[in-house]
Amino acid sequence: MTYDDLIAAIPSTLMAQNRTLAEPDELQRVVRRAEDEIIERIDHDAFRARLDGHIVDPANHVIDLSQEARRVLEVRALQLVIPDGVYPLERREVERLNALYFGGSMGMPRYYAEDDDPLLLRIFPRPDTTYSVNVSANIEPERLAPAVPQSVLTRTYPRLLEMMALKHGAHFMRNMGDEQRYGALADAALMEANAQLARRRRDETGVTSAQTANRVG
């Protein structure tokens, strides 16, 4: 599925070719509302990505992810890049690390902690030289538009996206019957997507299915 496929399907399926819904600007707003709801409700592990090449040094031991081009939903892991490979940084509470490194000692980083803002990550101990840090995170997907024909939603969850867009298109048309019908189909597709993501996390970590419930935040 592509963006063009989706905006062609919405008025055709809802029999709204000659209605306001068929206008390109309104169709784009419907698609955006569908994307917004999916991003809010789906397990964010659907949006795994890597942000490589963040630099820390003796003068700066904070990584600010709030300035990324696409919104970071959750931080999953940090890896320190060293000459012989990559070294995982362990996550700890910032209060504990501040106490542990109260004297401002420097060395090769071993830990990271979220500051007051979860997208501000402090590296401990303060780096003794310049290092590159790779960040694994769940990142908001690129939004569909005429210039962005595909995204992780069109490639991996096309039925969920289509049903959610039809739900919001029917809502725009004040067609309660279609809104409920496509809403139920979207909910079923969302449940299946979250179940698949939970199974993937279980297979990767070995924890039980009860511990892999949908995480939304």
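Values in this text are rule-based calculations from the coordinates and carry no lab data. As the structure is a prediction and not an experimental result, all values here were calculated from the model. In this analysis, Cβ positions are derived from the backbone assuming ideal geometry, glycine residues included, and neighbour counts consider all displayed protein chains.
Numbers at a glance
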item	result
Chymotrypsin sites (Phe, Trp or Tyr not before Pro) within the stretch 51-136, DSSP loop, no more than 13 other Cβ atoms inside 10 Å	Phe102
For log10 I(q)/I(0) by the Debye sum over Cα atoms at q = 0.08, 0.14, 0.15 Å⁻¹, calculated from these coordinates, the label among (i) -0.40, -0.89, -0.96; (ii) -0.31, -0.85, -0.95; (iii) -0.35, -0.91, -1.00	(i)
Low-density loop cleavage sites - GluC sites (Glu not before Pro) in the stretch 74-170, where at most 12 other Cβ are within 10 Å (DSSP)	Glu93
Gyration tensor verdict on the stretch 104-197 (Cα atoms; rounded if a/c is under 1.5, prolate if a/b is larger than b/c, oblate otherwise)	prolate
Theoretical gain in end-to-end length, Ala188 to Phe102 [0.36 nm per residue, Cα-Cα removed]	25.8 nm
Magnitude of the charge dipole, the stretch 1-58, Cβ model with Lys/Arg +1 and Asp/Glu -1, debye to 20	180
Whole-Å distance, taken between Cα centres, linking the stretch 146-192 and the stretch 90-123	42
Degrees between helix 3-13 axis and first principal axis of the chain (Cα, 0 to 90, nearest 10)	30
Helix axis angle, 176-205 relative to the chain longest principal axis, alpha carbon, degrees	30
